[in-house]
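Working notes, beginning with the structure itself.
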Amino acid sequence: MPLAKLTTIGTGGPARAFAKPASLAELEQALAWAAERGLAVATVGLGSNLLAADQGVDALVLRLAGELANVGTGEGTLTAGGGATNAVCLHAARSAGLGGLEFACAIPGTAGGGVWMNAGAYGSDWSEILVHARVVAAAGAGWLTPAELGLSYRHSDLRHGQVVAEVEYRLTPRPQEEIKATVAELIARRKATQPTNKRTFGSVFKNPDHELGAGRMLEVCGLKGHRIGGAVISPMHANFIENAGGATTADALALMAEARRRAGEQFGVDLRHEVELLGEIELDE
Ligand SMILES: Cc1cc2nc3c(=O)[nH]c(=O)nc-3n(C[C@H](O)[C@H](O)[C@H](O)COP(=O)(O)OP(=O)(O)OC[C@H]3O[C@@H](n4cnc5c(N)ncnc54)[C@H](O)[C@@H]3O)c2cc1C
């Protein structure tokens, strides 16, 4: 399976092996299969924060399906498989009159991907709604709290081979109409400022500790519209890289290197990438 088919930017070479476990038992079987062969494991959600190596990924790549993508609601809680999309979770929360997940309406990922990098927007993030996550690895499984997962700004302590199989969110009662209105407003704000209709992987760099965000900084550097191969720095928001047709991961990495160099020269800031890298990718830290 080419990673280009599993990532929103649409780049990346083949995975050594690919499986779609649809239950905890199937997930455990897949992890045991990889462990017997000494093969690394990487889980992919919607691939909306991923840049995978052009030469491929020497690992068993998993995409959770079936029971591992189901969603259910209870009294003030929502439980979801790690592969459940934020859109489906938000829809279920709204139907049950549960608020708190609205901030995730413009984050096109899954529950597992949200935990992995403590995704967030509009002043909220996963650490604020997550009660605990069931993390499964070849060595065993357990439920971990946000503190045990080490959630901080766009970070968790999770490592490849640890699969977020299930999550429980704590939500609060809120009228459906209010949830709908908040979501509509947040999505309209996004569409006005970010290239939501292009092939991207979301924010390229984390916002540095500086009065300017990464996007504004790269805009000041004159990088909007800068193109290498098939990848272009979004003319709409400079902290996004678009696949303008035929882009490779190498094109995106070259743009990232140029952006870091220019931000370093002009602002003395060392930008850190927010996008997750999969496979053998050389990037100066
Ligand atoms: C248009 C656009 C807007 C975006 N806006 C935001 C935003 O506002 N805020 C924000 O934080 N992000 C944003 N993103 C980035 C991205 O959507 C989030 O980071 C999202 O949480 C990634 O989820 P995913 O399921 O797609 O993960 P993937 O991109 O598939 O994977 C990301 C990482 O998580 C790991 N992973 C995924 N699923 C699991 C699992 N079940 N178990 C263990 N590890 C797993 C992967 O191995 C990888 O390391 C945006 C992206 C796009 C394209």
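The values are calculated or read from the model by the stated rules, or taken from the named source; none is laboratory data. Remember, it's a predicted structure, so these values are computed and weren't measured experimentally. In this analysis, Cβ positions are derived from the backbone assuming ideal geometry, glycine residues included, and neighbour counts consider all displayed protein chains.
Quick look at the numbers
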{"read-out": "Selection within region 94-117 - in contact with a Lys or Arg (Cβ under 8 Å, 6 or more places away or on another chain) and either near the ligand (Cβ under 10 Å from one of its atoms) or modelled with pLDDT under 95 (or both)", "value": "ALA106, MET117"}
{"read-out": "Lone qualifier among ASN239, ASN207 - being free of Cβ contacts under 8 Å to residues at least 12 places away in the same chain and farther than 20 Å from ASP54 by Cα", "value": "ASN207"}
{"read-out": "Residues of region 149-185 satisfying the condition of being farther than 30 Å from GLU67 by Cβ and of a type in the set (A, V, I, L, M)", "value": "ALA181, ALA184"}
{"read-out": "Condition met for GLU274 (out of contact with any Asp or Glu (no Cβ under 9 Å at 6 or more places or on another chain) and within 16 Å of the ligand (Cβ to nearest atom))", "value": "yes"}
{"read-out": "Identity of the residue in region 123-144, touching a strand residue (DSSP E or B) at 6+ places or on another chain (Cβ under 8 Å) and within 11 Å of the ligand (Cβ to nearest atom), that ends up farthest from LEU62 (Cα to Cα)", "value": "TRP126"}
{"read-out": "Options ARG189, ARG199: the member that is in a helix (DSSP H, G or I) and under 29 Å from GLY230 (Cα atoms)", "value": "ARG189"}
{"read-out": "Options GLY120, GLY161; residue that is surrounded by 15 or more Cβ atoms within 10 Å (Cβ to Cβ), of a type outside the set (A, V, I, L, M, F, W, C) and within 7 Å of the ligand (Cβ to nearest atom)", "value": "GLY120"}
{"read-out": "Enumeration of residues in region 37-66 that are within 13 Å of the ligand (Cβ to nearest atom) and not aliphatic (A, V, I, L, M)", "value": "THR43, GLY45, GLY47, SER48, ASN49, ARG63"}
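Rundown of residues vs (1) aliphatic (A, V, I, L, M); (2) assigned to a loop (DSSP other than H, G, I, E, B); (3) surrounded by 18 or more Cβ atoms within 10 Å (Cβ to Cβ); (4) within 19 Å of the chain's Cα centre (by Cα), yes/no style:
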| residue | (1), (2), (3), (4) |
| --- | --- |
| THR7 | no, yes, yes, yes |
| THR11 | no, yes, yes, yes |
| ALA17 | yes, no, yes, no |
| TRP33 | no, no, no, no |
| LEU68 | yes, no, yes, yes |
